[in-house]
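Working notes, beginning with the structure itself.
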Amino acid sequence: MNNFGILYGMELKKILSKKAVWITLVFGILFMCVVEMSNMLFDKYDFIDMTMSGIQYETLQREKGEAVSGEVMNDAFYEKIRTEMNEFKTTHEDDIARVIDTERTGYPGLWYCAERCGYEWLLNTESRAIGYGNSDRYKLFMEGTAEEIVDAKRDNIILNMEADGLAESEKEYWLERYDRIEKPIKYSYSKGYSTFFDCLFVIIWLVFMLIVIGLSGVFADENTYKTDALILSSRNGRTQICLAKLTAGITFSVTSMIIVLGICLLVPLMGFGAKGWNAPIQNVIVTSAYDMNIGQAVIMTFAVAILIAVLCGLFTMLLSHIFRNTVPVMAVQTFVLIISIFNIPYSFGMLSQIWALRPTNFLKNFAFIEYRLFPIPGALINCFQMAGVLYAVFSIVFFVVTMKLYRNMQIASR
């Protein structure tokens, strides 16, 4: 065991000694932080009665949003918002009519008033929840009852399910879960969490680059530097050496994922506020049918991300052993990541459903609106449950195959 600890430490040190890993990590995180906070850092907002910097604008949105956070979205809630926006519109009606030339919402100046009064994020989330296909969504927001808005949101979820070609049993599963949520739901200004979820797909690129750069040479470097014969003939044994390499690689992959996700969650929460942890997920992923809160969604995202990190790390190390060269490892992994960007239409049925289980699909908010289910004897399971099982199984397979190949490896004559 003592030998294993020494070997593990040496392998981890070799991975962390690569300058490219640290350069990618530092510049990648800086880039992500700028992307997440770009509105606050670079935008400028010109209103009739004042000009706001991005920081002033987002501070207004946060203050007004947090002032009504925790309130049930009932008739009194909407009336409060509408009254403030209508009062501002009445006071500046002539100026707004002059500034706003055309607007197809049916409510001239609606977005302008929402932005100036601090309710832009609320209007944005509500209009998406009601549905872009609903031509009366703005009228509903400004005139409808809370019950009518709740019904419109539910109808929008049903429309999305029908667009995905769900069977009746799948619709019943999701509607039963959605209907468990107490309606009307409690509102929470949760732009910090929303920003985190919106940037997840970019985050996976950064973590992927770190894993590939750090682990592509775990086994390949032995061949590159002609040290394989010396290492394999040492008294430590192949099993311990391989186990130390794989364990160090998994440690690096998981740690990289946690660090990047953690920082990319912390930064928007510091800028936009951390309220909303216990609020329903529908505050940030508006068409989700999951009966969970935002905090549970964040924890689930971290859990799946860790499984993905283990899977990606083990696959990279398997390729490193197979090719014995870092270049083809990077080429294969880059190709895999690029093709994973593309979707297979729902009309392809089971093929499309299986393709939706690819790792990159789970590090973005679309995973929480993936409605299709997998039938197992006596039950239906969702994509997160299926992915958790498959990722664990494939990780074990990659681990065992790498160990077996390493134990049976023969050094070719040079």
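Residues that are hydrophobic (A, V, I, L, M, F, W, C), loosely packed, with under 14 Cβ neighbours inside 10 Å and either on the phi < 0 side of the Ramachandran plot or free of Cβ contacts under 8 Å to residues at least 12 places away in the same chain (or both): does the stretch 114-132 have at least one?
no
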statement: Quick count over the stretch 1-34, residues being within 30 Å of Ser53 (Cβ to Cβ) and exposed (fewer than 15 other Cβ atoms within 10 Å of the Cβ), is 5
task: Out of the residues in the stretch 40-72 that are hydroxyl-bearing (Ser, Thr, Tyr) and not in a helix (DSSP H, G or I), state the one that is farthest from Glu115 (Cα to Cα).
output: Ser69
message: Can you pull out every residue in the stretch 239-289 that is among the basic types (Lys, Arg) and in contact with a Ser or Thr (Cβ under 7 Å, 6 or more places away or on another chain)?
response: Lys275
field: Hits in the stretch 233-290 - residues which are in contact with a Cys (Cβ under 9 Å, 6 or more places away or on another chain) and either surrounded by fewer than 19 Cβ atoms within 10 Å (Cβ to Cβ) or of a type in the set (Lys, Arg) (or both)
entry: Ile263
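Yes or no, residue by residue, for (1) of a type in the set (Asp, Glu); (2) touching a Leu at 6+ places or on another chain (Cβ under 6 Å); (3) at pLDDT 95 or above; (4) part of a helix (DSSP H, G or I):
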{"position": "Gly271", "(1), (2), (3), (4)": "no, no, no, yes"}
{"position": "Lys275", "(1), (2), (3), (4)": "no, no, no, no"}
{"position": "Val304", "(1), (2), (3), (4)": "no, no, no, yes"}
{"position": "Ile308", "(1), (2), (3), (4)": "no, no, no, yes"}
{"position": "Leu311", "(1), (2), (3), (4)": "no, no, yes, yes"}
{"position": "Ser320", "(1), (2), (3), (4)": "no, no, no, yes"}
{"position": "Phe342", "(1), (2), (3), (4)": "no, no, no, no"}
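The values are calculated or read from the model by the stated rules, or taken from the named source; none is laboratory data. Please read these numbers as outputs of a predicted model, since none were measured by experiment. A quick note on method: Cβ atoms are made from the backbone with ideal geometry, for glycine too, and the neighbour counts reach across all protein chains shown.
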